[in-house]
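See below for the structure under consideration.
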Amino acid sequence: MIDILFYFGTEIIFVRVNGTSVTFGSSGFGQKMANIDGLKLDKAGVIKEFPDLKDARNWREEGIKRFKEHIKRLGKEDKIYEYVKEDLKKFGYIPFMMQKAGFRARRING
């Protein structure tokens, strides 16, 4: 299990990678965690990642499906952690802390 903390504006975003499961939380929503299905997705962000979904009616569902497939293909928590960290950085999220299960938390530089 790997936990990652990001700054996004005035909020702190919490991401947990547990096997091939990725859940998200926010300081704005308290202790609630949600998988990708429960998140409000920005259409521009989904299109930036998957340009072919620009005119698709089911852009949200297809974007979620592709995210889940990609996570399963990565397979290892370390690879999923790197993918999520780098992907969220593209959208303005600033990673600042990570912790692997059984280890101390450590700062992330960029």
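The values are calculated or read from the model by the stated rules, or taken from the named source; none is laboratory data. Computed from a predicted structure; not experimentally measured. Here the Cβ positions follow ideal geometry from the backbone for every residue, glycine too, while neighbour counts run over all protein chains shown.
When the stretch 82-107 is filtered for residues that are in contact with a helix residue (DSSP H, G or I) (Cβ under 9 Å, 6 or more places away or on another chain) and either at pLDDT below 90 or surrounded by 15 or more Cβ atoms within 10 Å (Cβ to Cβ) (or both), the ones remaining, listed by number, are TYR83, VAL84, ASP87, LYS90, PHE91, TYR93, PRO95, MET98, LYS100. Return yes or no: is LYS79 exposed (fewer than 14 other Cβ atoms within 10 Å of the Cβ) and either modelled with pLDDT under 90 or in contact with a His (Cβ under 7 Å, 6 or more places away or on another chain) (or both)? Considered against the rule, which asks whether it is exposed (fewer than 14 other Cβ atoms within 10 Å of the Cβ) and either modelled with pLDDT under 90 or in contact with a His (Cβ under 7 Å, 6 or more places away or on another chain) (or both), LYS79 comes out as no. Determine whether ALA56 is surrounded by 13 or more Cβ atoms within 10 Å (Cβ to Cβ) and in a loop (DSSP other than H, G, I, E, B). Against the criterion (surrounded by 13 or more Cβ atoms within 10 Å (Cβ to Cβ) and in a loop (DSSP other than H, G, I, E, B)), ALA56 qualifies. Of the residues making up the stretch 1-15, those that are part of a strand (DSSP E or B) and surrounded by fewer than 16 Cβ atoms within 10 Å (Cβ to Cβ) number 4.
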